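Only one structure is covered here, and it is reproduced in the block below.
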Amino acid sequence: MSFKWTYPLIASACLVATKTSSVYAEPQKNKAELKIKPMICMVKSIGQVCEMTIAVQWQAVAVEDVCLYQDKHILQCWQDTRQAKAKLSVSLGQDMVFSLKNAQMETLASQKVKVNAAISRKYRRKLKSDWSFF
């Protein structure tokens with residue numbers, strides 16, 4: 001085998017070894033996983049309140065007492081649970097962060113839900129000028 005092929009072959013083997021070993025590494029540093037769907041709420045125009053039902057699914061590393069918060073308000077709590085699913089009705093006036101916190105108020109996981117407007121004045125431009133010669 002020539003030196004021309006030896007270095008790329010060894011580099012590829014090392015790369016594959018490091019990628020596969022990370023699969024079996026220690027668990028994630030996150031203490032929980034939180035999934036909220038849908039992640040986007042559509043309103044007609046900016047400033048309107050979005051009313052929707054969200055599907056919440058979470059899973060923690062250990063059994064704990066946890067609560068789901070919408071900003072600083074408690075939406076729902078679970079006791080001695082490691083995972084749960086729920087459907088909740090929420091009202092959003094702007095982008096909102098939902099967080100899963102334990103009894104010590106430590107944030108285990110969080111997810112942002114965005115509010116988008118179908119008609120956005122921010123990106124709209126006038127097609128006709130305000131003045132005219134005619």
Which listed pairs, of 44/72; 44/85; 31/114; 44/114, have C-alpha distances above 20 Å, in listed order: 44/72; 44/85; 31/114
Among the stretch 76-95, those whose backbone N falls under 20 Å of a label point 7 Å along Cα→Cβ from residue 46 are 92-95
Residues 53, 107, sorted so that the one with the fewest Cβ neighbours within 10 Å comes first: 53, 107
Working only with C-alpha atoms, what are the Rg and Dmax values of the stretch 27-119, expressed in angstrom? 13.9, 45
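Taken together, the values in this text are just the output of simple stated rules run on the coordinates, not laboratory data. Since the structure is predicted, the reported quantities are computational estimates derived from the model, not experimental observations. Note that each Cβ is placed from the backbone with ideal geometry, even for glycine, and that neighbours are counted across all protein chains shown.
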